Ligand code: NAP
């Protein structure tokens, strides 16, 4: 039997924790496959993906800055990836290259895991950010029946563009947060603010109800200032690491044939790596 091989393709990509995640599952399930890192500059992505099979790969993850281009290069694109405008998981079926965006299911599965029933009240949601990650979050929330999603972004034109996804989505400025937060049942940070090496996320949570759930996509640090402050005032919180782990499961299943489980042990392993323990 041939050994199944997959990889993560990015530029730069050395920081990726995907090899650790997939390596853990390969070991856990006693599989002979491999998952490695491929640093590919943007101008070489097309040639790399066209020769995926020749290089011995049955599929790959793509990460920054290739997520949009990968969508264009794939032969078949899922409805989710098309709506989000980006792909992160690719696999070959014969000669055909398929693409999906599993950040969406990863975001939803993380919330399902951490707070079952979180989606019973989605009358009013606030999403900070309008980049690729925010697009996936909004698409996921719409699929769970969100009635109104306010996308707050520095660049309003980008938020306006995201609002075109559906009439239930509207664009807003940071200065409007004071009015948008009181009725919100869910607040999601999908900006890169608060990530180590990035500017602080400056937000006053005072108007937010204590029952609201606060989710951060940022996972370095694991406990962002947003989550620390939200927890301190009594809100339930969800960190970004769970999303990272859950977005990996569909790809692993496609490439290696087993639907893997996100275990506490795996979470602890990656958390320790993030925290440099
Ligand atoms: P992106 O496309 O570059 O978007 C960045 C977003 O952050 C934009 O909305 C941008 O606003 C905003 N932003 C950046 N700097 C800002 C500043 N100084 N002031 C105000 N707003 C600022 O990035 P992305 O791919 O969407 O990723 C966003 C975050 O999600 C990253 O931290 C990433 O690591 C995280 N993420 C996590 C997971 C996970 O599995 N947990 C998955 C995907 C992404 P403008 O449009 O105004 O520039």
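No lab work stands behind these numbers, since they all come straight from the coordinates. None of the values given here were measured: they were computed from a predicted structure. Cβ placement follows ideal geometry from the backbone for every residue including glycine, while neighbour counts extend to all protein chains displayed.
For this structure, a couple of remarks:
- Full-stretch length increase - residue 15, residue 95 - with 0.36 nm per residue and alpha-carbon distance subtracted: 25.8 nm
- Rg/Rh (Cα only; Kirkwood hydrodynamic radius) as it applies to the stretch 126-173: 0.91
- Remark on the stretch 1-94: Rg and Dmax equal 13.2, 37 Å (Cα only).
- Dividing the Cα radius of gyration of the chain by 2.2 N^0.38 Å, with N the residue count, gives 1.01.
- Treating r as the C-beta distance of residue 196 and residue 273 and R0 as 22 Å, the FRET efficiency rounds to 0.95.
- Among 123, 87, 99, the largest mean-square fluctuation in a Gaussian network model of the chain (Cα springs under 10 Å) belongs to 123.
- In the chain, the DSSP beta bridges split such that about 20 percent are antiparallel, to the nearest 5.
- Cα gyration tensor category, rounded, prolate or oblate, for the stretch 13-64 with a/c compared to 1.5: oblate
- Label-point gap, in nm, between residue 231 and residue 79 - each point 7 angstrom along Cα→Cβ: 3.8 nm
- Residue order, fewest to most beta carbons within 10 Å, for 252, 48: 48, 252
- Residue order, fewest to most beta carbons within 10 Å, for 58, 7: 58, 7
- In this label model, residue 253 and residue 174 are separated by 3.9 nm, measuring between points 7 Å along each Cα→Cβ vector.
- Mean separation of Cα pairs under 8 Å and 6 or more residues apart, divided by the residue count, gives the chain a relative contact order of 16 percent.
- Nearest-ten-degree value, helix 132-143 long axis tilted from longest Cα axis of the chain: 70 degrees
- Helix 18-28 and the longest principal axis of the C-alpha atoms of the chain enclose an angle of approximately 70°.
- Relative to the longest principal axis of the Cα atoms of the chain, the long axis of helix 264-274 makes an angle of roughly 80 degrees.
- Relative contact order for the stretch 32-91: 34 percent, from Cα pairs under 8 Å spaced at least 6 residues apart, divided by residue count.
- Take the Cα of residue 64, go 7 Å toward its beta carbon, and the backbone nitrogen atoms of the stretch 185-202 under 14 Å from that spot belong to 190-199.
- Sequence of 2, 263, 102 once ranked by neighbouring C-beta atoms within 10 Å, starting from the fewest: 2, 263, 102
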